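The values are calculated or read from the model by the stated rules, or taken from the named source; none is laboratory data. Please read all numbers here as calculations on a predicted model, not as lab measurements. Heads up, the Cβs are rebuilt from the backbone with ideal geometry, glycines too, and the neighbour counts pull from every protein chain shown.
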Amino acid sequence: MSTNALEYHERTKHSPKSVRSGGRGLNFENKPTPYKEYVDRPSVAMADRIRPPQQPALSAIAEPTSDGRLESAGASRDGTEPTKPDLEALTTLYYYAAGITKTIERGGRPIPFRAAATTGALYHVDLYAVCTDLEGLAAGVYHFDPRTLSLDVVREGEYRDVLARATNHEGVADAPLSIVATSTWWRNAWKYGDRTFRHAFWDSGTTLANLLSVAHALEYRAEIVTGFADEPVADLIGVDPAREAPLEIVPIDAGDGLSSSDGAHGVDPIDPETAPLSPNEREFPLIYDAWAAGTVADGDDAKSWRSGRSADETAPVGTREPGDGERVPLEPVGHETASSRPLHRTIRRRGSCREYDREPISFRKLSTVLDRAVRGVPMDVPRGGPLGDSADGDGTDGGKPSLSFVDPYLIVNGVSGLESGSYRYHPEAGELELLQEGEFRREASHLALDQRLGGDAAACIYFLADLEAVIDAFGDRGYRVAQLEAAVTAGRLYLGTYAYLELGGTGLTFYDDVVADFFAPRSEGQTPMFLYTIGRPAP
C-alpha cells in the first residue's frame, strides 16, 4: 500500500511517548560506510589545486537569485568576462560542498568530517556531475569520491540532453555543468530508520547551501531544480531509487545551450557494481514509498508541476500573515563593517556545536546572521509577491518574498539587547514580532527532544510549514520543497554563524506537535520542518 507525503510525515513524527518507547540499539558491526565505492568503474583525478572562494561568507550567503554575478548579469564584479567552469572550479565546488575538510581524533581514532552538516555525520548524500567538455575534463557523468578527491566515471560522452528533457528547464539546458544530489537511504536509516526521507532533504539542503554559496562566490550562475522526471535521472546516473534516489539538480553557469547534435539519444541501462555498505543492508519500504509518491513521469509534467495548483502561481503557499504583536527591528551591520571572514575559511571552520555557554550573544550579530541567511532560496518553484527592503538597505530579490513555504519562529533566551521570549521573524520587513515574553529555557530544551543544547542556546530558530496547503498546491512532491527550503536556509544560517569566531550553531531534532503547540495560535495548521540553534560555544 502506497504512502503519501502527509501520511509519511505523520508516521515519522517524534513525540515524548514515541521517543521513550521507540528506542532501538545500534549494531555498530553493521554500520554502513559513509562512502560509495565503485568496483568496476575507472576514476579520474580532480585538479591538484582548488580555488578558495575569497568572498566574505556573509556576502556569499545573501544571494537569493540564481545569478552569482550580483552587479550585472554576464560580467564579473571587476568588469572582466567571467571564466567558464573547468576542472579546477568543479574541484572547488565539490570540496567546499561535500569534501572532507577536517579530521578530529576521538577515542584514539581519526574521524573525518565533511564541509556541510548532516544528521549523525552519516553522510548519505552523494553528488554527481553531468557535463559537456570542460577544460581538464571530458564530457560525461561522474560521481564525486570525497575520500580521494577524485571522480568515478559513470558514463563517457555528452548526456546533458537527458537532464534537459527530464527537467524541461531552460537553466539545465543552458548549463555546461549540472550537479545531481542523491541520498543512499541505508546510510542514514541504519540509525534513523524511516525518518531518513526527512533527513534526505535536511542534509542535501545544507550541502546545497554550501554549493550555492561557493558557486555564487566564484561568480557562477546556480540554482536548485526540484522538478524533474525521477526515473530518467536515476537511470542516467546508474542508481536504483529503492536504494539511492536523485533529490535535486543544480545547473552551474550558462553557456550557449544544447544544439541538435549534443546527445539527443536514449540512455542504455547500467548497473555499476559497488562495494557493500555493510554486512547486512536493510530496506525501509516507507522511505521508498514516500519518495515514489512524489515522482514525476517526464519533463512536461515537471514543467507543469513547477507552476503549482494555486490560483496565484507566484504567491507564498501556507505562510502566515503578520500579526499585531510588538515589532522589534533587526540591527544588522552593513557589508562594509560585517565580519569579512572568507567563505572558504568559514566552511572549513564550521562544525556542529556540542555544548553552549549561556553567556549572551549580541543582538547585532544575531540580526546580521538572520538578515543575510533568510533572503530566499534560488529554486525552480516560483517565488513572488510584495517585498520590502532588507534591514540593511540592500533589498533582496526584487518583487519576491524571502520564503515561500516556511515561516521562521524564534525562541530567544540569551541575546543581549533583545527581550527573552518567542518571536515570529518577518524577513521582508527586517523585524521580529513578539509572540510571548519570558524566558523559555526549560521549554526550549523540552521541544528539542529534551536536549540540553536547546535550552542553553541563545536562540532556537524553527521553520514551520502548512504542509496541507503546500501539498494541495504542489502535490506530494511539494513535501520535498518545504523541507528543502527550510534546510537550505538553515545551511546558510550555519555559514553566517561560523563567520563569527565567537558564535557556534547546530541543528537539532524536535517533538513535532509540541513545537507547533508552543507557537500557537500563530502556528495553527503548521508543523516544524527544521530547527537550528545558535549561541556561544562553551570553552
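Numbers for the structure displayed
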{"quantity": "Wholly enclosed helices (runs of 4 or more DSSP H) of segment 285-351 bearing at least 3 residues over 30 Å from residue 60 (Cα atoms) and among the basic types (Lys, Arg)", "calculated": "none"}
{"quantity": "Residues that are among the small types (Gly, Ala, Ser) and farther than 18 Å from residue 494 by Cα, drawn from segment 201-232", "calculated": "222, 227, 229"}
{"quantity": "Any chance residue 203 is in contact with a Phe, Trp or Tyr (Cβ under 6 Å, 6 or more places away or on another chain) and modelled with pLDDT of 95 or more", "calculated": "no"}
{"quantity": "Some residue of segment 167-174 being in contact with a Lys or Arg (Cβ under 6 Å, 6 or more places away or on another chain) and part of a loop (DSSP other than H, G, I, E, B)", "calculated": "yes"}
{"quantity": "Strands (runs of 3 or more DSSP E) wholly inside segment 92-151 containing at least 1 residues that are of a type in the set (Lys, Arg), at pLDDT 95 or above and in contact with a Gly (Cβ under 7 Å, 6 or more places away or on another chain)", "calculated": "109-114"}
{"quantity": "Which numbered condition residue 279 fails, given (1) over 27 Å from residue 405 (Cβ atoms); (2) touching a strand residue (DSSP E or B) at 6+ places or on another chain (Cβ under 9 Å); (3) touching a residue at least 60 places away in the same chain (Cβ under 8 Å)", "calculated": "(2)"}
{"quantity": "Residue that is farthest from residue 55 (Cα to Cα), among those in segment 328-344 that are of a type in the set (D, E, K, R) and surrounded by 16 or more Cβ atoms within 10 Å (Cβ to Cβ)", "calculated": "331"}
{"quantity": "Residues that are free of Cβ contacts under 8 Å to residues at least 60 places away in the same chain and touching a strand residue (DSSP E or B) at 6+ places or on another chain (Cβ under 9 Å), drawn from segment 323-363", "calculated": "324, 362, 363"}
{"quantity": "Selection count where residues are touching a helix residue (DSSP H, G or I) at 6+ places or on another chain (Cβ under 8 Å) and outside any loop (DSSP other than H, G, I, E, B), scope segment 16-58", "calculated": "5"}
{"quantity": "Index of the failed condition, residue 202 passing every other in (1) under 13 Å from the mean Cα position of the chain (by Cα); (2) of a type outside the set (Gly, Ala, Ser); (3) within 18 Å of residue 90 (Cα to Cα)", "calculated": "(3)"}
